[in-house]
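Reading through the structure tokens given below for one structure.
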Amino acid sequence: MTEMKVAGHTPGPWTTQEWGDAAIQIIGPSDEEIADLDGDPEGWEVRAANARLIAAAPELLAALELARRWMCEVPVAKRAGNFNIALDRVDAAIAKAEGRT
């Protein structure tokens with residue numbers, strides 16, 4: 001698994017840990033707390049979905065970086081019409097993850 005290269009980020013993988021029916025934590029590879037989401041039990045399903053998305057962040061960033069490298073290796077003649085739009089979106093997502101936006 002590829003670790004995040006951005007200074008200040010905890011490397012992945014990240015996991016989730018449920019605490020009762022109202023709190024969920026995102027935990028780093030050394031059992032350190034990345035984030036803590038808690039609140040009303042009524043919002044549990046949304047909070048759990050958000051926690052899963054946060055926990056996937058290191059892998060998502062690594063996948064985007066790999067996709068970008070591959071996309072840039074594709075010969076210009078083989079690039080489809082929406083290639084530049086897709087590459088712009090990948091670049092924007094990576095920049096956001098790295099705090100450059």
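The values are calculated or read from the model by the stated rules, or taken from the named source; none is laboratory data. Worth saying up front: this structure is predicted, and the values here are computed from it rather than measured. Note: ideal-geometry Cβ built from the backbone for every residue, glycine included; neighbour counts use all protein chains shown. These area figures cover heavy atoms from the full protein model, side chains too; ligands, DNA and RNA do not enter into them. Shrake-Rupley method; radii C 1.70, N 1.55, O 1.52, S 1.80 Å.
From the C-alpha gyration tensor of segment 39-81, pull out the three semi-axes of the equivalent ellipsoid (sqrt of 5λ each), sorted largest to smallest, in whole Å.
37, 11, 4
Computed in the context of the full set of protein chains, the accessible area of the chain at 1.4 Å probe radius has 55% of its extent on carbon or sulfur. Within the shell of other residues whose beta carbon sits under 10 angstrom from the beta carbon of A23, the net charge comes to -3, with Lys and Arg scored +1 and Asp and Glu -1. Rolling a 1.4 angstrom probe over the protein heavy atoms with all chains in place gives the chain an accessible area of 68 Å² per residue.
Net length available on complete extension from E73 to R89 is 4.1 nm, with 0.36 nm assigned per residue and the Cα-Cα distance removed.
With R₀ fixed at 22 Å, the C-beta to C-beta distance from L64 to R100 puts the FRET efficiency at about 0.95. Other residues whose C-beta falls under 13 angstrom from the C-beta of M71 contribute a net charge of +1, scoring Lys and Arg +1 and Asp and Glu -1. Using 0.36 nm per residue and subtracting the Cα-Cα separation, the extra length available between A56 and A80 on full extension is 5.8 nm.
Please compute, over every Cα-Cα pair in segment 1-91, the percentage with a separation greater than 23 angstrom. Beyond 23 Å sits 42 percent of the P(r) for segment 1-91.
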